Structures are given as structure tokens and as C-alpha cells.
Amino acid sequence: MSKNALVTGITGQDGSYLAELLLEKGYKVYGLRRRTSTPMMENIEYIKNEIEFIEGDLLDQGSLINAVQKSNPDEVYNLAAQSFVATSWEQPILTGQATAIGVTNMLEAVRLTKPEARFYQASSSEMFGKVVETPQKETTPFYPRSPYGVAKVYGHWITVNYRESYDMYACSGILFNHESPRRGVEFVTRKVTDAVARIKMGLQRELRMGNLDAKRDWGFAGDYVKAMWLMLQQDKPDDYVISTGETHTVQELVEIAFGHAGLNWRDYVVIDPKFVRPAEVDLLLGDSSKAQKTLGWKLEVGFEDLVKMMVDSDLEKLNR
Ligand code: NAP
Ligand code: F7E
């Protein structure tokens, strides 16, 4: 018997890789999609005919109940969120409504309609913020540094609370930064690889950036969605850190990306205070040994290969 999965955030980077993985595994995939005046389906264009879309929004409780009723899910992956940290200072209330309260809306829809469904919450290393220990693991206390990070802490604890209050199979995956050719162009990796491709093709002259000293633990999104699925296949629900165990500066990212295209980054990168955040997360480095041991999860794509893959993909897109 094939299983049903409901994925919120299906049009996003992770939603597309997860949908692909679930379809490969024989799931019937339902995707929650919000109505927009110009639909953005680029990430799932190639599989859109295999997905059953249900219109809904994390801010609209009735639409979530309807989505759970219609999809009758065995597994629910709550990936939808206002996910861009910089925007969370511009729109802190919307970020709280979607990224924090939206999780409760989704949990309530599951609890009221299909409480035995397994639930995955997309938690984030941004919860560690101004880190109190390095490397960060499941037991590291949170110290978020943005409205986004604060909202994710709420989403994390409400998921734990529903597990403990209602005995629901609810898991929180604390995922460190993960990237791919499908990453939104506002995030730093894709902003850089897209700019490198444009500069290489003579379509852009410079790249304006913020803090080059920030350090991140960057992995490949295709590897990380496998961990989401594994979390929902265990005997008992639990929370897991997913990370590479390596950290790199934004400057290293820039050097590799420009170098891969045969360019010297110093000729093009301009520091612009507009891209410096009101409060920064200086260093993230995750310890995913629990996930490796318990879930058997492993990393396949390393940092340098990831950056090169993204540059190649952006060059290819422009060539096309
Ligand atoms: P993404 O590309 O920004 O995708 C976000 C998705 O959420 C999009 O499909 C978006 O739909 C949807 N969405 C936003 N607000 C919504 C609302 N009010 N109702 C319904 N759908 C809504 O994000 P991602 O990188 O795939 O990340 C997936 C999840 O993991 C997010 O929760 C993110 O915060 C979390 N996370 C990401 C990372 C990472 O490094 N990528 C790390 C840790 C945690 P539209 O297409 O309509 O905008
Ligand atoms: O920034 C610095 C910036 O926007 C990374 C989201 O998926 O991962 C992501 O959050 C770093 C920061 O991602 C620019 O200051 C410098 O230190 O790519 P980002 P993020 O904020 O780490 C976490 C785990 C999530 O959960 C989030 O949803 O790069 N940086 N210059 C810049 N960043 C951007 N975007 N643009 C710049 O020009």
C-alpha cells in the first residue's frame, strides 16, 4: 500500500527535493500551495504533474484542516515558512505568524483531523544564533539573533510540546544551512553563484555583499531531505541536528565560486552596508553524530563540490 505525504512549502528548495524523493519511494504526494498572482513553479516544474496540489496558507487554519482531510496523510512535512533571515527584520510580524504560529496551525490541523500522522517540523540552526557552545548539537541551548530565529525557536518547542502533550509522532529536524541550484537568489550562496555566472557572461559588473566574515556549515539540500524522511521512519519520534561538521566563511564561498569560473573575486566584490544585518550569527558548526548513528544518515556532497555545482548550474541556465 503506498503512503500519502502532505508537504507544505512544496514550491521551495527543500519542498522540491523532498517531493522528488517521496515520489521515487512510491508515495502519493500532496503539496500545499498558496495562491499567488504569478505562480512560481520553477523548482517543481518537472514533477508538477505527479503532485496533487491543495490550495492553502499557513495563516489560514481552515485551509490547513482541509489539506489534511483531503490528503489523509501518513506523513506531514511542514517546510513552509518565511525563511529569509534578512526579511524577518523588515516583516517581523508576518514572520512570526507564518514561521511560528503557522506551526501551531499545522499541528492543530493534524491533531484534530489525523492525529496518528507523523509530523516533521523544519527547525533551523538559526535557533543557536549567538552560539553558547561549539559545535552545536541537540542539547545546545538556543540564543536566536533574528525575528526568524525567534520564530523558529517557538516552532521547535511547540512541536516538542505536541509530542509530549498528545503523544503525537512529531519530530523537529534542526538543519544547518543547505543549498543547491534551486536555492532562492537572495540567499548568499545562490546570490554569489548567480552573480559569478552573470559576470562571466558579461551581464553584470560587480557583486555587492554584506559581512564576508560570517561562518556557516553549508551542505547540499538533496542530502538533507533524506534526513527528514529518515526521521519519520523510526520507532520513536525525536529531534536531530543535520549538518556537515565543517564551517567556512562567506569569503571562502566567494573565493571558490569566482575561482571556479576563472575570475578573481577581488576585482568584483564590493562591500555594501545595506547587506549587513542588525544582529549577525557569526559562527555555525553542527555536530550531527546522533543522526549519523541513529538514522544512519550520511553526507554525500561536500562544500567545495556544492559551490562548483551551483556555479556550473547558473552558467548553464544563462547559456540556455
Ligand atoms: P524556501 O525555498 O524559502 O521555501 C519556503 C516555502 O514556504 C515556499 O514554498 C513558500 O511558498 C512557502 N510559504 C511561505 N509562506 C507561506 C505561507 N504563509 N503559507 C504557505 N506556504 C508558505 O525555503 P527552504 O530553503 O526550502 O526551507 C524549507 C524550510 O526549512 C523552511 O521552513 C526554512 O525556514 C527551513 N530551513 C531551511 C534551511 C536552509 O538552509 N534551506 C535550514 C534550516 C531550516 P511560495 O513559493 O508561495 O513563496
Ligand atoms: O546568509 C552573510 C549573512 O541569507 C548567510 C536560511 O535558509 O540558513 C539560512 O539563513 C550568511 C549570513 O542564510 C550577504 O550575513 C553576507 O551571515 O544565505 P543567508 P542564513 O541567514 O544563514 C538558515 C539555517 C535558515 O534556517 C534560513 O531559513 O551570509 N552574507 N553578505 C549575506 N547574506 C545574504 N543573503 N546576502 C548578502 O549579500
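Rule-based calculations on the coordinates, nothing more; no lab input. Remember, predicted model here, so these are calculated numbers, not experimental data. Every residue, glycine among them, receives a Cβ derived from its backbone with ideal geometry; neighbour counts consider all protein chains shown.
Quick notes on this structure:
- Max mean-square fluctuation residue, GNM over the chain, Cα-Cα springs under 10 Å, options Val276, Val225, Val160: Val276
- Going by neighbour counts of Cβ atoms within 10 Å, the residues Leu58, Leu32, Leu295 line up, fewest first, as Leu295, Leu58, Leu32.
- Approximate spin-label separation Glu116-Glu24, in nm, with each point projected 7 Å along Cα-to-Cβ: 3.0
- Separation between Cα centres of segment 164-210 and segment 4-70, rounded to whole Å: 20
- Compared with the dominant principal axis of the Cα atoms in the chain, helix 188-200 is inclined by about 40°.
- Within the chain, the proportion of C-alpha pairs whose separation exceeds 37 Å stands at 13%.
- Met1, Met209 arranged by Cβ crowding within 10 Å, fewest neighbours leading: Met1, Met209
- FRET efficiency estimate (nearest 0.05) - Cβ-Cβ, Ser165 to Phe84, R0 22 angstrom: 0.10
- As a proxy for reagent exposure, Leu212, Leu203 were ordered by neighbouring Cβ count within 10 angstrom, fewest first; the result is Leu203, Leu212.
- By the helix-only formula, in which each DSSP H run with n ≥ 4 contributes -39500 (n - 2.57) and the sum is divided by residues, the chain has a 222 nm mean residue ellipticity of -11500 deg cm²/dmol.
- Simple rule: put +1 on each Lys or Arg Cβ and -1 on each Asp or Glu Cβ in segment 136-278, find the dipole, and look at Pro181, Val270, Ile256; the Cα lying farthest toward the positive end is Val270.
- Nitroxide proxy distance, nm - points 7 Å out along Cα→Cβ at Lys298 and Asn72: 3.9
- 3J(HN,Hα) from dihedral phi, segment 158-172, Karplus parametrisation 6.51/-1.76/1.60, rounded to Hz, x for glycine, proline: 5, 5, 4, 5, 5, 4, 6, 7, 10, 6, 7, 7, 10, 10, 10
- Of the residues Gly202, Gly96, Gly62, the one that moves most in a GNM of the chain with alpha-carbon contacts below 10 Å is Gly202.
- Amide H partners (placed H, <5 Å) of Trp218, local residues excluded: His248
- Of the residues Met201, Met228, Met168, the one that moves most in a GNM of the chain with alpha-carbon contacts below 10 Å is Met201.
- Extension reserve of the Thr139-Ser37 stretch, reckoned as 0.36 nm per residue once the Cα distance is removed: 32.5 nm
- Under the criterion of Cα pairs below 8 Å and six or more residues apart, the relative contact order for the chain equals 17 percent.
- Neighbourhood charge, 12 Å Cβ-Cβ cut-off, centred on Leu299 and excluding it, Lys, Arg +1 and Asp, Glu -1: -3
- For segment 151-281: lysine pairs under 29 Å (alpha-carbon distance), excluding those fewer than 8 apart on one chain: 14
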